[in-house]
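A.B. asks: Just passing along the structure, written as structure tokens.
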Amino acid sequence: MEAVKDILALLVFPGGLFVVFAGMMYEWLDRKLVARLQNRIGPRWFQPIADTVKLLAKEEVLPESVTPFFFVVLPLIALAGALTAVLYTPMVGLEPAYSFPGDLIVTVYMLSLLTLCIGLAGANTRNRFSLVGATRALTQLFAYEAPFLLALFGPAIAAGSWQIGEIAHYAESHWFIFTQPIGFLVALIGLMGKLELPPFDSPEAETEIVAGALTEYSGRGLAIFRIGKGVELVVGLTLIVTFYLGGVANPIVFFVKTIGMLVVMAALQTLLTRLRIDQTVGLWWRYGALLVLLQWAVLIVVQIA
Amino acid sequence: MMTVAAPTTQKSEKFIVPIGPQHPALKEPGHFEFAVDGEIVTDATVRLGYVHRGIEKGTESRNWAQNLYLLERICGICSHTHAFAYVLGVEQLAEVEAPPRARAIRMVVAELERVHSHFLWLGVGAHEAGFDTLFMYSWRDRETVMDLLESLTGNRVNYSACVLGGVKFDINGEQTKGILEGLDFLEKRTHHYLNVIQQDALFLQRTRGVGVMTQQQARQLGVVGPTARASGVARDLRIDAPGQHYNDFNVNMILETDGDLAARFVVRIRDLFESYRIIREILSNMPEGDLVVKRMPRKIKAGETISRVEAPRGEAFYYIKSNGSEMPERIKVRTPTLCNMASVLTLTVGQHLADVPMILVGIDPCFSCNDRSVTVTQPSGQREHWTWEQVRRFGIEYYQRQGGQ
Amino acid sequence: MDVRLETAVSLTKPWATETAEPAPYRLDVSLERENLLPVISALFAAEWGYLSAITGVDLGTAVGVVEVLYHFCEGPCIVTLRLRVPYDDAQIDSVCSIIPSASFFERELSEMLGITIVGTPNADRLFLPDDWPLGVYPLRKEYVMQG
């Protein structure tokens with residue numbers, strides 16, 4: 001019985017099929033909202049699915065002078081990392097499929113795996129756009145990662161646990177968005193940085209470096225990276241809603257909250273101009289990290305008092 | 001064609017980022033190579049000619065009237081500028097003068113073209129900065145002026161407004177009303193865009209202090225048009241050399257002194273207000289009379305002349321030499337982009353790679369304009385040849401199949 | 001005559017072989033080839049206008065000369081420096097040492113009319129394709145358009 005439950009959790013819900021499909025739907029909603037805000041029509045609902053199917057069906061071109069093993073394996077590692085994170089996340093407000101003390105830290109690192117793999121994938125090729133894109137992706141990783149981590153650990157400190165499930169239960173009665181507003185903002189904007197959404201899209205700024213680190217990717221590899229990003233979007237939003245907007249809850253209520261966050265993200269994407277990579281780094285270290293640390297200091301003082 | 005640079009990070013070797021011939025930042029083909037040290041550009045070179053069509057040479061085997069339509073196709077954005085400069089030159093050589101009403105209509109089209117060109121540029125500039133919302137909105141509003149041009153001339157691009165010795169069409173009362181309404185809408189939107197580019201903090205981070213060209217540099221590099229005016233160099237042919245045309249109507253010089261990208265944005269937007277004002281003034285004081293001179297000779301007197309017109313991007317320079325026959329001896333076209341291109345190569349050095357596309361676009365480059373002279377048609381394999389009628393029918397049927405959208 | 005043109009006349013006087021005023025606001029100054037650089041330095045030192053264009057005009061195989069025109073503009077005034085370059089000694093000094101932005105004009109002139117520019121910083125082709133045959137200069141009259 002345990003084995004059947006494990007397989008279901010891995011392949012159907014919350015991991016596997018469900019989250020891949022959810023990722024595509026979230027991606028569609030994001031694209032549609034941005035398009036409507038920009039006075040465009042936007043894609044139809046099945047566009048991300050169609051894109052993925054098309055990419056999977058296409059030939060994967062292996063460029064000269066890459067290490068073939070890494071070229072093929074890196075997208076898989078990225079997707080595996082994102083899917084592993086799903087298992088410890090309270091998807092649609094339900095209990096996480098698996099849980100152990102300290103799973104928050106593991107989850108956050110699993111989420112970083114995607115960016116790391118994109119960076120390495122870019123560095124693996126000899127394409128100059130990819131190399132510049134990879135440098136930028138990794139630079140950006142170091143910029144937002146620490147503030148993002150600190151922002152997610154804020155609720156953990158308040159809840160006194162490093163286990164996502166326990167924090168989620170604690171958050172049911174404590175809406176951290178009110179007690180830790182800075183952490184909430186930094187986490188939300190950090191997620192945009194993680195997903196390389198505008199204004200943090202300089203690692204894939206098309207007007208400068210074409211498609212950034214993924215310029216050489218086509219077919220299956222590109223499709224898997226995109227699926228990975230979709231999954232990460234779902235996991236990221238779920239974590240933020242769980243931690244800051246009332247923890248585990250009725251799936252419908254939880255879903256509405258997640259969509260709300262997505263709308264905020266879409267609005268930010270339309271409003272802001274792309275930041276240069278040095279500006280991104282400056283923003284995170286000068287403001288993001290310092291503000292979160294300040295909030296931590298307040299938290300710890302309150303906690304002790 | 002591409003220089004092969006070893007993509008290593010060793011200090012001794014240059015790391016070159018190629019931009020073009022095909023690149024998302026370029027709306028037309030050109031090839032730039034930027035040597036970078038990390039994110040900082042250390043050297044820049046350019047190779048043009050990917051849309052070289054042999055127009056200068058082509059003019060020498062066509063008659064004076066045919067050349068008008070050939071030269072108009074140098075550029076799809078400022079096609080009227082080229083026709084305008086050409087007819088000015090030929091009229092000077094033939095010693096005829098276009099009637100006042102024709103001159104007024106030429107100016108209306110020229111200013112409408114400037115409006116459409118600046119809106120187009122605003123969108124492209126915003127896109128390079130990664131501000132796609134502004135791009136989408138400005139191009140939506142640009143449709144207004146495209147519709148006005150279509151209602152006047154029948155074409156969205158390549159208007160063919162000029163003929164030798166006059167213009168092809170008249171502006172009637174209804175069209176005047178349409179233009180004035182369109183301008184009111186555009187003026188409202190332009191105020192909004194001026195606010196955005198002057199106040200949006202993140203956008204200013206990408207434009208203020210970027211690609212600064214001092215007044216001294218601007219003079220030395222010989223830049224023209226809005227690029228020069230953004231650096232405080234008062235250079236506008238509508239004022240400097242009004243000729244018979246802009247003599248009749250007063251134009252104000254739009255100057256900014258900062259010389260950075262922000263100033264180039266502001267200059268062009270303020271240029272728009274000036275264009276609106278000029279168009280309104282011309283329309284309310286439209287002279288009566290003929291549209292074309294009574295007699296325009298087929299053979300143009302031998303001689304040479306220079307005619308210059310302020311294109312949306314700056315000075316367009318025409319040198320025309322006639323040998324007294326039906327065909328010109330030599331026509332030389334120097335478009336504003338060629339003048340301004342040198343500034344790109346100079347200004348990008350020392351800047352961030354991320355700012356390069358913006359600096360490049362900051363001069364509003366137009367490669368088609370640049371690339372004219374000589375190309376020989378290549379034999380084209382198995383290509384099917386359609387008549388114009390076939391193409392037209394295919395287009396109509398295609399869209400009917402798509403549900404008439 | 002416009003004041004600015006009068007200045008230009010006095011600036012170019014020491015080297016001019018012939019001066020004409022073909023139209024209002026225009027001044028044509030004919031020069032010997034070797035005097036190009038001194039004249040341009042004089043104009044540049046006095047900050048007279050900017051180099052607007054370099055035109056090459058092939059006068060035909062019968063004459064065997066390419067006329068090279070340097071157009072300087074200042075407001076409504078245009079000064080044209082005229083040089084005659086024979087086919088058999090088709091070279092001319094680069095003005096890039098004084099006006100760096102002339103590089104593009106010179107590259108175009110040299111590839112289109114087959115004039116060697118002595119001392120130009122970059123003699124690569126600007127417009128013509130890489131597979132364009134060497135020694136074929138499209139804007140020479142002897143070149144006939146095909147296709």
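A.B. asks: Angle check, please: helix A:2-11 long axis (alpha carbons) against the longest principal axis of chain A (alpha carbons), in degrees 0 to 90, nearest 10.
C.D. replies: The angle comes out at about 60 degrees.
A.B. asks: Please give the charge dipole size of the range A:169-298, origin at the Cα centre, charges +1 on K and R Cβ atoms and -1 on D and E Cβ atoms. Round to the nearest 20 debye.
C.D. replies: My answer is approximately 200 debye.
A.B. asks: Summing +1 for each Lys or Arg and -1 for each Asp or Glu, what net charge is found among the other residues whose Cβ lies under 11 Å from the Cβ of B:ALA83?
C.D. replies: It works out to a net charge of +1.
A.B. asks: If you keep only loop residues by DSSP, which GluC sites (Glu not before Pro) in the range B:189-289 have at most 10 other Cβ atoms within 10 Å of their Cβ?
C.D. replies: Passing sites in the range B:189-289 are B:GLU288.
A.B. asks: Let me ask you something else. State the answer as a single residue: which of B:ALA94, B:THR81, B:VAL223 lies farthest towards the positive end of the charge dipole of the range B:55-340, with beta carbon charges of +1 for Lys and Arg and -1 for Asp and Glu, about the Cα centre.
C.D. replies: B:ALA94
A.B. asks: Follow-up question, since we're still on this one. In degrees from 0 to 90, rounded to the nearest 10, what is the angle of the helix A:181-194 Cα long axis to the longest principal axis of chain A?
C.D. replies: Once rounded, the angle reads 20 degrees.
A.B. asks: Quote the Stokes-Einstein diffusion coefficient, in whole µm² s⁻¹, for the range B:227-317, based on the Kirkwood radius over alpha carbon pairs, a temperature of 37 °C and a viscosity of 0.692 mPa s.
C.D. replies: In µm²/s, the coefficient rounds to 212.
A.B. asks: Using only DSSP helix segments of four residues or longer, with each worth -39500 (n - 2.57), what per-residue ellipticity at 222 nm results for the protein assembly as shown after dividing by its residue count and rounding to 500?
C.D. replies: Only helices count here, giving -16500 deg cm²/dmol.
A.B. asks: Shifting gears a bit: With only Lys, Arg, Asp and Glu charged, each at its Cβ (+1 for the first two, -1 for the last two), find how big the charge dipole of chain B is about the Cα centre; round to the nearest 20 debye.
C.D. replies: Dipole about the Cα centre, nearest 20: 820 debye.
A.B. asks: Tilt of helix C:3-12 relative to the longest C-alpha principal axis of chain C, in degrees (0 to 90, nearest 10)?
C.D. replies: The angle comes out near 60 degrees.
A.B. asks: Sticking with this one: C:ARG84 to B:ARG73: FRET efficiency via 1/(1 + (r/R0)^6), r the Cβ-Cβ distance, R0 56 Å, to the nearest 0.05?
C.D. replies: 0.95
A.B. asks: Something else about it: Take peptide B:221-228, look around each residue's Cβ out to 10 angstrom, count Cβ atoms belonging to other protein chains, and average those counts.
C.D. replies: Mean inter-chain Cβ contacts per residue within 10 Å come to 3.
A.B. asks: Further question: Who wins for biggest fluctuation among C:VAL63, C:VAL136, C:VAL95 in a Gaussian network model of chain C, springs between alpha carbons below 10 Å?
C.D. replies: Residue with maximal mean-square fluctuation among C:VAL63, C:VAL136, C:VAL95: C:VAL63.
A.B. asks: Let me ask something additional. Give me the dipole magnitude in Debye, nearest 20, for the protein assembly as shown about the Cα centre, with unit charges on the beta carbon: positive for Lys and Arg, negative for Asp and Glu.
C.D. replies: 1120
A.B. asks: How charged is the neighbourhood of A:LEU62? Take every other residue with its Cβ under 12 Å from the Cβ of A:LEU62, and add Lys/Arg as +1 and Asp/Glu as -1.
C.D. replies: Result for the local shell: -3.
A.B. asks: To continue, here is another question. Once whole DSSP H runs in chain B are found, which of them have Cα atoms spread over 27 Å or more along the helix axis and a mean Kyte-Doolittle score of at least 1.0?
C.D. replies: Long hydrophobic helices here: none detected.
A.B. asks: Based on the alpha carbons, how large is the Rg to Rh ratio for the range B:55-340 when Rh follows Kirkwood?
C.D. replies: 0.98
A.B. asks: Give, as a single signed number, the net charge of other residues whose beta carbon lies under 12 Å from the beta carbon of A:TYR109, with Lys and Arg counted +1 and Asp and Glu -1.
C.D. replies: Taking every Cβ under 12 Å from that of A:TYR109, the sum is -2.
A.B. asks: Right, another one. Put +1 on the Cβ of each Lys and Arg and -1 on the Cβ of each Asp and Glu in the protein assembly as shown; which of B:THR59, B:GLN198, B:ILE171 then has its Cα farthest toward the positive end of the dipole?
C.D. replies: B:ILE171
A.B. asks: What pairs from A:LYS58/A:LYS229; A:LYS54/A:LYS229; B:LYS177/B:LYS294; A:LYS58/A:LYS194 go past 24 Å between their alpha carbons?
C.D. replies: The pairs that break the limit, which is 24 Å between Cα atoms, are B:LYS177/B:LYS294; A:LYS58/A:LYS194.
A.B. asks: Ratio of the protein assembly as shown's C-alpha Rg to 2.2 N^0.38 Å, to two decimals?
C.D. replies: Normalised Cα radius of gyration, the protein assembly as shown: 1.10.
A.B. asks: Going toward the positive end of the dipole of the protein assembly as shown, with +1 on Lys and Arg Cβ and -1 on Asp and Glu Cβ, which of C:TYR87, B:PRO242, C:VAL63 do you reach last?
C.D. replies: My answer, from the dipole projection, is B:PRO242.
A.B. asks: Near B:LYS188, which aspartates and glutamates are there with a Cα under 19 Å away, not counting those fewer than 8 places off in the same chain?
C.D. replies: B:GLU111, B:GLU113, B:ASP141, B:GLU143, B:ASP147, B:ASP200, B:ASP271, B:GLU274, B:GLU281
A.B. asks: I need to check one value: relative contact order of the range C:1-94, counting alpha carbon pairs closer than 8 Å and at least 6 residues apart, in percent.
C.D. replies: Relative contact order here is 27 percent.
A.B. asks: Given a cut-off of under 8 Å on Cα pairs at least six residues apart, what relative contact order in percent is computed for chain B?
C.D. replies: 24
A.B. asks: Which is the longest run of chain A containing none of the GluC sites (Glu not before Pro) found in DSSP loop states (not H, G, I, E, B) with at most 13 other C-beta atoms within 10 Å?
C.D. replies: A:65-305
A.B. asks: When only C-alpha pairs under 8 Å and at least 6 residues apart count, what is the relative contact order of chain A, in percent?
C.D. replies: Taking the mean separation of contacting Cα pairs over the length of chain A, I get 27 percent.
Each value in this text was obtained by applying a stated rule to the coordinates, not by laboratory testing. The structure displayed is predicted, hence computed values, not measured ones. Counting neighbours? That spans all protein chains shown, and the Cβs are built from the backbone with ideal geometry, glycine included.
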